[in-house]
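> My questions will all concern the structure given below.
The values are calculated or read from the model by the stated rules, or taken from the named source; none is laboratory data. The model shown is predicted, which means the values in this text are computed figures rather than measured ones. Don't worry about glycine lacking a Cβ; one is built from the backbone with ideal geometry, like all the others, and counts go over all protein chains shown. Surface areas here come from the heavy atoms of the whole protein model, side chains and all, with no ligands, DNA or RNA. Shrake-Rupley method; radii C 1.70, N 1.55, O 1.52, S 1.80 Å.
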Amino acid sequence: MGFKNIIERFAVNYAHNTMQKSLYNGLNIDILDQKYVKTPRENTEYMLYAHVPFCHTFCPYCSFHKYHYEQELAKIYFENLRQEMRQVKAAGFDFGSLYVGGGTTLINEPELEKTLVLAKELFNIKNVSCESDPNHIQPENLKRFQGLIDRLSVGVQSFDDETLKRVARYEKFGSSEALQEKLKKALGVLPVMSLDLIFNLPNQTKEQLLNDIKIAKSIAPEQITFYPLMKSPLTRDAIAKSLGVADSDNEREFYEIICESFSDYHQSNAWAFGRDSANLRDEYVGSHHEYVGVGSGAFSFLNGELVINAFNLLDYGRRVKNGESPVIAKCGFTKKERLKYIFLTELFDGGVNIAKYDEFNGANIKKELFAELNLLKLVGAIHEEGGRIVPTGFGRYLCLVLMRDFYAGMDKVRAIFKDDAKIKRSKILRIMSEETHADFEDALISPRAAV
Ligand SMILES: C[S@@+](CC[C@H](N)C(=O)[O-])C[C@H]1O[C@@H](n2cnc3c(N)ncnc32)[C@H](O)[C@@H]1O
Ligand code: SF4
């Protein structure tokens with residue numbers, strides 16, 4: 001293994017461990033006894049996130065907060081969601097964009113439609129993104145959302161029949177061929193369609209990955225996202241049971257294949273590729289530093305704090321109906337942690353404009369992140385050009401590692417609050433101290449991986 005490889009492996013491992021530590025030590029979760037009201041600050045742009053926590057059936061790798069779909073329950077939930085939006089409006093917020101995530105956001109079309117219409121009435125929303133599974137994208141159904149949804153991301157995960165069978169999506173959403181048909185038909189109904197795929201699944205071969213890329217490109221949607229498989233204490237066992245355990249970690253190699261295969265696309269962030277640069281982004285985190293989350297289990301990031309809504313559906317509904325705040329906990333960060341988080345999300349999005357960063361954060365990045373910037377330069381992850389800090393190819397991979405660790409950390413927060421109306425501190429400590437990506441670390445330091 002060459003010197004460059006050793007340095008890069010060291011850098012990846014170091015970054016991963018640092019993220020783990022700051023997620024464990026830094027997440028000072030504070031269970032709130034008194035009422036917390038989300039309040040806007042002057043001259044701050046916010047994004048609105050709305051959570052739809054329902055699916056017909058669950059997939060083994062997915063840790064997003066969700067319940068089995070029941071029509072009556074969902075109707076009540078959507079009413080509460082709209083009520084919370086009104087509360088947020090009354091508190092003085094406005095938003096230019098809305099991201100509806102799930103779950104399966106299109107699971108009850110009339111309710112979603114009502115919710116989007118209300119959001120547009122209440123706020124100056126210009127862009128709306130939604131997520132769906134492949135069973136809700138028939139052109140005749142999507143048409144009702146013309147003018148309401150600008151970007152629809154559809155979960156494909158893989159075009160390999162064997163993989164689809166293992167994660168129990170073959171029977172639910174169809175074979176690879178059937179999926180391709182559905183996607184082609186849905187294309188063009190809404191302005192942007194994005195396909196979501198997952199790579200580095202246990203035992204996924206290079207051929208399978210290349211085939212996924214080839215098929216996704218042949219469908220020619222406006223955007224394609226390749227997420228690295230994220231594992232957390234919530235999903236680790238279910239992933240091993242359905243897909244097996246990997247005997248090597250191909251994340252870096254596969255990521256390079258993906259970036260190379262999409263060199264004719266515009267890279268919108270470390271894991272999303274657009275056919276042209278005008279398309280919307282895939283992530284709500286990267287594009288706005290501050291956002292308000294509405295719905296059960298939704299996170300907000302406000303005034304440098306992570307703010308957590310009640311997960312339990314009954315608790316959430318009761319609070320909203322009584323005009324109370326649905327916030328049950330929050331978690332503060334030091335200024336340094338906030339600076340690092342914003343730096344990471346901007347680098348993940350393609351680069352940091354130094355002057356803007358300093359102005360927005362009232363900071364001097366070169367002073368305050370002196371050690372971090374020098375380390376990243378030393379390992380060849382970033383360079384400076386025209387007042388911007390931009391990631392190199394390796395830097396983009398590093399961003400991907402850090403971002404998936406960040407998401408896995410959020411999974412720990414979900415694991416703490418999942419379904420409990422009363423949270424005990426011992427549960428927080430137990431979950432926060434669990435290792436998130438142990439097998440990834442093993443792969444990095446094992447002699448096999450070092451060959
Ligand atoms: C919240 S899900 C909603 C998708 C939609 N319900 C479906 O099943 O098609 C959004 C996307 O996150 C990605 N995702 C979910 N779990 C993941 C994991 N463990 N690792 C990587 N990506 C994941 C999948 O690509 C998924 O389509
Ligand atoms: S991937 Fe989609 S359908 Fe599967 S459990 Fe997650 S949100 Fe539900």
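> With a 1.4 Å probe and all protein chains left in place, how much accessible area per residue does segment 47-286 have, in Å²?
So segment 47-286 comes to 39 Å² accessible per residue, rounded to a whole number.
> Report for segment 47-286 the percent antiparallel among DSSP-assigned beta bridges with both residues inside it, nearest 5.
Rounded to the nearest five, the antiparallel share is 20 percent.
> Relative contact order of segment 47-286: what whole-number percent is it, with Cα pairs under 8 angstrom and at least 6 residues apart?
Relative CO of segment 47-286 lands at 17 percent.
> Still on this structure, I have one more. Would you tell me the accessible area of Val390, worked out with a 1.4 angstrom probe on the heavy atoms of the protein chains, in Å² to the nearest 10?
10
> For His16, His289, His383, His68, give me the order by solvent-accessible area with a 1.4 Å probe, most accessible first, ignoring ligands, DNA and RNA.
So the residues, ranked largest to smallest area, are His68, His383, His289, His16.
> Of the DSSP beta bridges with both residues in the chain, give the percent that are antiparallel, rounding to the nearest 5.
Of the beta bridges lying entirely in the chain, close to 45 percent run antiparallel.
> Provide the per-residue ³J(HN,Hα) series for segment 98-105, in order, calculated from phi with Karplus coefficients 6.51, -1.76, 1.60 and θ = phi - 60°, each as a whole number of Hz, with x at glycine and proline positions.
10, 10, 9, x, x, x, 10, 6
> Compute the normalised compactness of the chain: alpha-carbon radius of gyration over 2.2 N^0.38 Å, N being the residue count.
So the Cα radius of gyration is 0.94 times the expected 2.2 N^0.38 Å.
> Extent of segment 47-286 along each principal axis, from alpha carbon coordinates, in Å, largest to smallest?
Result for segment 47-286: principal-axis Cα extents of 53, 37, 33 Å.
> Using only protein heavy atoms and a 1.4 Å probe, report how much of Phe199 is accessible, in Å² to the nearest 10.
0
> Next question. For segment 47-286, with only Lys/Arg (+1) and Asp/Glu (-1) charged at the beta-carbon, what is the dipole magnitude about the Cα centre, in debye rounded to 20?
520
> Which longest run of the chain has no exposed loop site in it, a site being trypsin sites (Lys or Arg not before Pro) in a DSSP loop with at most 11 other beta carbons within 10 Å, and the site itself not part of the run?
127-421
> How much accessible surface does Ser132 have with a 1.4 Å probe, in Å² rounded to 10?
About 10 Å², ignoring ligands and nucleic acids.
> Still on this structure: Any idea which of Gly147, Ile308, Gly96 is furthest toward the positive side of the dipole for the chain, if Lys and Arg beta-carbons carry +1 and Asp and Glu beta-carbons -1?
It is Ile308, whose Cα lies furthest towards the positive end.
> Turning to a different aspect of this structure: If contacts are Cα pairs under 8 angstrom and at least 6 residues apart, what is the relative contact order of the chain in percent?
Answer for the chain is 19 percent.
> Roll a 1.4 angstrom probe over the protein heavy atoms and tell me the percent of accessible area of segment 47-286 that is carbon or sulfur.
That fraction is 49 percent.
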